[in-house]
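Written out below as structure tokens is the structure these notes cover.
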Amino acid sequence: MSLKAFHLVFIILSILLTLMFGIWGVVSHGSSGKTAELVMGIISLVGTVGLSVYLRYFLKRLKHVSYL
């Protein structure tokens, strides 16, 4: 597996992890009412957007490099 392929997999897994954690934080705030959970959820969702923007930049920048 090339460094590009590994980086791509790592970014996608990071996006999924931050998305799931953000959703969990927001939903958990709804049942417990703790502000810290809402803040963590929102920060994670912002991180998800940031990682998605980075993924797009990464794919554009290295489109000429092979996955092998």
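The values are calculated or read from the model by the stated rules, or taken from the named source; none is laboratory data. A quick note: this is a predicted structure, and the numbers were derived from the prediction, not measured. For neighbour counting, all protein chains shown are included, and Cβ atoms are generated from backbone atoms with ideal geometry for every residue, glycine included. The area values use the complete protein model at the heavy-atom level, side chains included, leaving out ligands, DNA and RNA. Shrake-Rupley method; radii C 1.70, N 1.55, O 1.52, S 1.80 Å.
Give the stretch 32-68 a look and list any residue that's among the small types (Gly, Ala, Ser) and either surrounded by 13 or more Cβ atoms within 10 Å (Cβ to Cβ) or more than 20 Å from residue 10 (Cβ to Cβ) (or both), or say none. Selection gives 32, 33, 36, 41, 44, 47, 52. Contact annotation: residue pairs with Cβ atoms under 6 Å, 6 or more positions apart or on different chains, pairing a residue in the stretch 1-24 that is of a type in the set (A, V, I, L, M) with a partner that is open to solvent by 90 Å² or more (accessible area, probe 1.4 Å), are 5/67. Restricting attention to the stretch 1-41, the residues that are of a type in the set (A, V, I, L, M), in a helix (DSSP H, G or I) and within 26 Å of residue 67 (Cα to Cα) add up to 11.
Sort through 51, 59 and tell me the only one that's at negative phi, at pLDDT below 95 and in a helix (DSSP H, G or I). After applying the criteria, what remains is 59. I need the full set of residues from the stretch 1-22 which are open to solvent by 70 Å² or more (accessible area, probe 1.4 Å) and more than 12 Å from the chain's Cα centre (by Cα), in order please. Once the filter is applied, which keeps residues that are open to solvent by 70 Å² or more (accessible area, probe 1.4 Å) and more than 12 Å from the chain's Cα centre (by Cα), the stretch 1-22 yields 1, 3, 6.
In the stretch 27-47, the residues that are closer than 20 Å to residue 17 by Cα reach residues that are of a type in the set (A, V, I, L, M, F, W, C) and open to solvent by 60 Å² or more (accessible area, probe 1.4 Å) with C-beta atoms within less than 6 angstrom, at least six apart or across chains, in these pairs: 44/21.
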